[in-house]
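Data first, discussion second: the structure below is written as structure tokens.
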Ligand code: SF4
């Protein structure tokens, strides 16, 4: 195995896999506390929090969910909720009108098709109102039901900067990440890459000078075009 680092030209697959594992090990060493930053206590609260986090920060979601979860503790409570009341809880969250509609529909579908419980498989979750493939993946891995590598905006950006994929479609990126990292690392890697994206490898101002994986990153020192 050649020394890890950046090589010019096409990187051999074994080297890319070894580099990917080293990246995750270093991130884990630097941020052993990395975990999902949404607050939840049940599968229902998890799926609601993840659905609300689209186009909104986790911090903002965590500000509104305690009161929301207290008022609507079950799927049946969402199913029979008045839109105006749900909107009252969500008005500081992006896309709150759509999210309100989806939460009420989510409650209805859970009651009608799943006995009021949240299904755990990614396929079943992805069919719920307001729950796409990414959200379904995030929920299923945090419920410990399936392994997956759901790709959000941070994982998409960092995977490309780190040269672990050249794709842009989240499903294609997930397929590449599944190939370069061993399955037992997927869950931790998912959380670590998001944390690194939020704390160091910012979309507009990546702080390469203090990045623990800079010597393994082909985009070290990336200069972003000003708009
Ligand atoms: S070196 Fe820079 S671009 Fe690469 S992962 Fe680190 S912060 Fe991001």
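Where helices (runs of 4 or more DSSP H) fall entirely within the range 1-118, those with at least 3 residues that are assigned by TED's automatic domain parsing to the domain that holds residue 164 and closer than 25 Å to residue 201 by Cα are at 13-30.
Would it be correct to say that residue 156 is in contact with a helix residue (DSSP H, G or I) (Cβ under 6 Å, 6 or more places away or on another chain), buried (at least 17 other Cβ atoms within 10 Å of the Cβ) and farther than 22 Å from residue 57 by Cα? It is false that residue 156 is in contact with a helix residue (DSSP H, G or I) (Cβ under 6 Å, 6 or more places away or on another chain), buried (at least 17 other Cβ atoms within 10 Å of the Cβ) and farther than 22 Å from residue 57 by Cα. Among residues belonging to the range 183-209 that are free of Cβ contacts under 8 Å to residues at least 24 places away in the same chain and over 14 Å from residue 30 (Cβ atoms), point out the one that is farthest from the ligand (Cβ to nearest atom). Once the filter is applied, the top-ranked residue is 184.
The residues in the range 160-175 that are buried (at least 18 other Cβ atoms within 10 Å of the Cβ), under 17 Å from residue 14 (Cα atoms) and within 16 Å of the chain's Cα centre (by Cα) can be counted, and the count is 0.
You will find that of 212, 180, the residue that is within 10 Å of the ligand (Cβ to nearest atom) and either without any contact (Cβ under 8 Å) to a residue 60 or more places away in the chain or over 30 Å from residue 97 (Cα atoms) (or both) is 212 and no other. Only one entry of 126, 81 meets the criterion of being within 17 Å of residue 54 (Cβ to Cβ) and in contact with a helix residue (DSSP H, G or I) (Cβ under 6 Å, 6 or more places away or on another chain), and that entry is 126.
The values are calculated or read from the model by the stated rules, or taken from the named source; none is laboratory data. Keep in mind the model is a prediction, meaning the values are calculated, not measured. Cβ atoms come from the backbone with ideal geometry, glycine included; neighbour counts cover every protein chain shown.
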